[in-house]
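Peer 1: Below is one structure. I have some questions about it.
Nothing in this text is a laboratory measurement; each read-out follows from the coordinates by a stated rule. For clarity, every value in this text was computed on a predicted model and none was experimentally measured. Here Cβ is always computed from backbone atoms with ideal geometry, including for glycine, and neighbour counts include all displayed protein chains.
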Amino acid sequence: MKVMKTDLKNLKTEVEKKKDEVPENVRVPNRIRNAVKDFFSSGEDRELKWDFQKRYNDESNFEMTDFITKSVKGIAPEVSSEVLDAAVKRYFTSKKEGATRKARNKDVAHKQRQATYERKKEKLRRRQMALEKKTNWNKDKRAKVKSLLESKGAKKLMSSDEEGNDGFISHPYSWESDTWRQIKDSLDAKYIEICPPRSRRLLQKRTRGSVKEQEKPNLGE
């Protein structure tokens, strides 16, 4: 019974796919193709839409499909149902593929933003650890740097990194002073000095790249 249910489910899926497919030998005139595009836009103006998470023949997509079909028939009554159905299905498929590409790009951008955030978070953690071991700085300097590294927006002050062919490329911000860059370099060098040899080998190589333009944050000198 379990096997039969699985076979029936697969068969149903195949039937649904066949319903969505457009015969390749159906030729759609440019006039009909353009009319479908135009009436799709008109449908959107009427707040109709296609749900690209669903199949073409799903009930949720019927209203937009019906509007386009009837509208095209209104200006081209001679067009056959086969040609018109092929035109609408092909446009649905192209719009769905475009929506999928857009969603994937957003997903990639989100992952890139998350990776950048995690790198800044880790960079901040390492510098906080290194600061605790900085014995050659006076008490006042250590207190000021600690206050900055523990501030609410400290992660935003860490330079932006991008992946290169050989490790990471760090892009310092345009507002950074030479003093602040020297402080960061000193902390980074201290971290490498104090971390275990095994951890040191796992550290990605970093090189300094071009300056990244950014508005100066509201910080004291």
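Peer 1: Relative to the longest principal axis of the C-alpha atoms of the chain, give the angle of the C-alpha long axis of helix 2-20, reported between 0 and 90° and rounded to the nearest 10°.
Peer 2: 80
Peer 1: Over all Cα pairs of the chain, how is the pair count split among 10 Å bins, expressed in % and running from 0 up to the last occupied bin?
Peer 2: Percent of Cα pairs in each bin: 6, 21, 18, 10, 12, 16, 12, 4, 0.
Peer 1: Modelling each spin label as a point 7 Å along the Cα-to-Cβ direction, I'd like the Asn218/Ala76 distance in nm, to one decimal.
Peer 2: The modelled label-to-label distance comes out at 5.9 nm.
Peer 1: Take segment 41-85, drop everything but the C-alpha atoms, weight them equally and run the Debye formula without solvent; then report log10 I(q)/I(0) at 0.32 Å⁻¹ to two decimals.
Peer 2: The Cα Debye sum returns log10 ratios of -1.12.
Peer 1: Once you order the gyration tensor axes a ≥ b ≥ c over the Cα atoms, which shape class does segment 91-212 get: rounded for a/c under 1.5, otherwise prolate or oblate by comparing a/b with b/c?
Peer 2: prolate
Peer 1: Within 10 Å, Cβ to Cβ, of Gly164, how many net charges do the neighbouring residues add up to if Lys/Arg are +1 and Asp/Glu are -1?
Peer 2: -2
Peer 1: With r defined as the distance between the Cβ atoms of Arg31 and Glu63 and R0 fixed at 25 Å, what FRET efficiency is calculated, to the nearest 0.05?
Peer 2: 0.55
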